[in-house]
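Undergrad: Right, I'll just put the structure down here and ask away after.
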């Protein structure tokens, strides 16, 4: 009886060792060691809370080793992308679609690592009317997207979407421990974040040792995860403050930081009121209401600090669809009174053309966009411009300053 009880544990251990030794999966090798991994009799399939992995005994027994290797890396993918913390709001909005969206992202990544299923294979139904069909969810439409983008498409299409290659009636072959992830303490969550970062770094080192410097798409994605996350609100505030800082008064209330390092204390130049600020919002269809409200709320609070004489708020797609003007204290009502318009293509050059035609000469421009503008970044801007890019697109504008707005 004891020998039988150890069969699934040994099978899982053997698969894990094989994956760690395989150069093809060197990038994920460090992540295979994060958290605890064990067999559980009360788990129907497989499950992770973002740190630990649990595998159902009967499920493991039903899989061949290639399938089990795929499932193991699938759970690692949830940890690597930090799905259970990053997309918790999606889970609370629609549990099924959140599960599906996360699985679609991971399964495309794993298919790319081994397209001919030489080492890992997505589990397949062993009997019944679905015999031979894959259990997981795969759809090429979602290539290059993050889970939020996939979620939005599935939500628009209705539960299940078009189904792709997998079964549209299934959430996938594993479970997702959203509730268990939420039970992690703040200290545990911070430690997990540190462990995942360290594991990703180790995986990149292992991959370079075994496969050389020719990094593929996954290696680049992992490298992006290790870049320090910039607080976009702080960047936005600093940009507006620095560009719009007047020079008509000085104050000792805040010493000038540029000279403190030289033990020279000089006053900071301040202004009771600055000139004009342009805020240009992309309404081509990719920026939803919650993102827009959050962004405009932040802009409104910053305007309270710099006290602009005029705020030009324009909505644009392939052309300027609306132009609203706020003066003085009117900016405090910006979020409540604004009426977004648009929904066509995306062409930032319409902003600069509109500015020229209507002789709008702001001290700075702040553009909120998804960044999918091709080579059109507005041409020559008559003022400093800050691009706030939403939706997970990591593009950097060739003109002005770029900050990536996280959800």
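The values are calculated or read from the model by the stated rules, or taken from the named source; none is laboratory data. As the structure is a computational prediction, the values presented were derived from the model and not from experiment. Neighbour counts are summed over all protein chains in view; Cβ atoms, including those assigned to glycine, are modelled from backbone coordinates with ideal geometry.
Undergrad: Against the condition part of a loop (DSSP other than H, G, I, E, B) and either modelled with pLDDT of 70 or more or more than 33 Å from the chain's Cα centre (by Cα) (or both), how does residue 246 come out, does it pass?
TA: Judged against the criteria, residue 246 is a match.
Undergrad: Return a yes/no flag: does the stretch 316-335 have any residue that is loosely packed, with under 15 Cβ neighbours inside 10 Å and within 22 Å of residue 234 (Cβ to Cβ).
TA: So far as the stretch 316-335 goes, yes, one or more of its residues are loosely packed, with under 15 Cβ neighbours inside 10 Å and within 22 Å of residue 234 (Cβ to Cβ).
Undergrad: Moving on to the next point. Tell me the residue from 164, 136 that is more than 30 Å from residue 21 (Cα to Cα), in contact with a helix residue (DSSP H, G or I) (Cβ under 8 Å, 6 or more places away or on another chain), assigned to a loop (DSSP other than H, G, I, E, B) and at pLDDT below 90, please. First the steps, then the outcome.
TA: Details: 136 fails: more than 30 Å from residue 21 (Cα to Cα).
When all the criteria are applied, what remains is 164.
One line per residue, one yes/no per condition, for (1) under 22 Å from residue 406 (Cβ atoms); (2) in contact (Cβ under 8 Å) with a residue 12 or more places away in the chain; (3) surrounded by fewer than 20 Cβ atoms within 10 Å (Cβ to Cβ):
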position	(1), (2), (3)
83	yes, yes, no
88	yes, yes, yes
97	yes, yes, no
106	yes, yes, no
109	yes, yes, yes
127	no, no, yes
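Undergrad: Of all residues in the stretch 73-105, how many are within 20 Å of residue 192 (Cα to Cα) and in a helix (DSSP H, G or I)?
TA: Number of matching residues: 15.
Undergrad: I'd like the full set of residues that are under 24 Å from residue 307 (Cα atoms), at pLDDT below 90 and out of contact with any strand residue (DSSP E or B) (no Cβ under 8 Å at 6 or more places or on another chain), limited to the stretch 338-369.
TA: Once the filter is applied, which keeps residues that are under 24 Å from residue 307 (Cα atoms), at pLDDT below 90 and out of contact with any strand residue (DSSP E or B) (no Cβ under 8 Å at 6 or more places or on another chain), the stretch 338-369 yields nothing.
Undergrad: When you scan the stretch 264-277, do you find a residue that is at pLDDT 70 or above and more than 25 Å from residue 357 (Cβ to Cβ), even just one?
TA: There is no residue in the stretch 264-277 that is at pLDDT 70 or above and more than 25 Å from residue 357 (Cβ to Cβ).
Undergrad: Hey, could you check the stretch 179-198 for residues that are crowded, with 21+ Cβ neighbours inside 10 Å and out of contact with any strand residue (DSSP E or B) (no Cβ under 9 Å at 6 or more places or on another chain) and say which is nearest to residue 32 (Cα to Cα)? Walk me through it before giving the result.
TA: Our first condition is that a residue be crowded, with 21+ Cβ neighbours inside 10 Å; within the stretch 179-198, this holds for 181, 192, 196.
The next check asks that each one be out of contact with any strand residue (DSSP E or B) (no Cβ under 9 Å at 6 or more places or on another chain); those that pass are 192, 196.
Numbers: 192: 13, 196: 10 Å.
Only one residue fits best here, namely 196.
Undergrad: Can you find even one residue in the stretch 27-34 that is closer than 27 Å to residue 201 by Cβ and at pLDDT 95 or above?
TA: no
Undergrad: Any residue at all in the stretch 39-58 that is surrounded by fewer than 24 Cβ atoms within 10 Å (Cβ to Cβ), assigned to a helix (DSSP H, G or I) and in the same structural domain as residue 192 (by TED's automatic domain parsing)?
TA: Taking every residue of the stretch 39-58 in turn, at least one turns out to be surrounded by fewer than 24 Cβ atoms within 10 Å (Cβ to Cβ), assigned to a helix (DSSP H, G or I) and in the same structural domain as residue 192 (by TED's automatic domain parsing).
Undergrad: Among the residues of the stretch 290-304, is there at least one that is in the same structural domain as residue 398 (by TED's automatic domain parsing) and at pLDDT 85 or above?
TA: Within the stretch 290-304, not a single residue is in the same structural domain as residue 398 (by TED's automatic domain parsing) and at pLDDT 85 or above.
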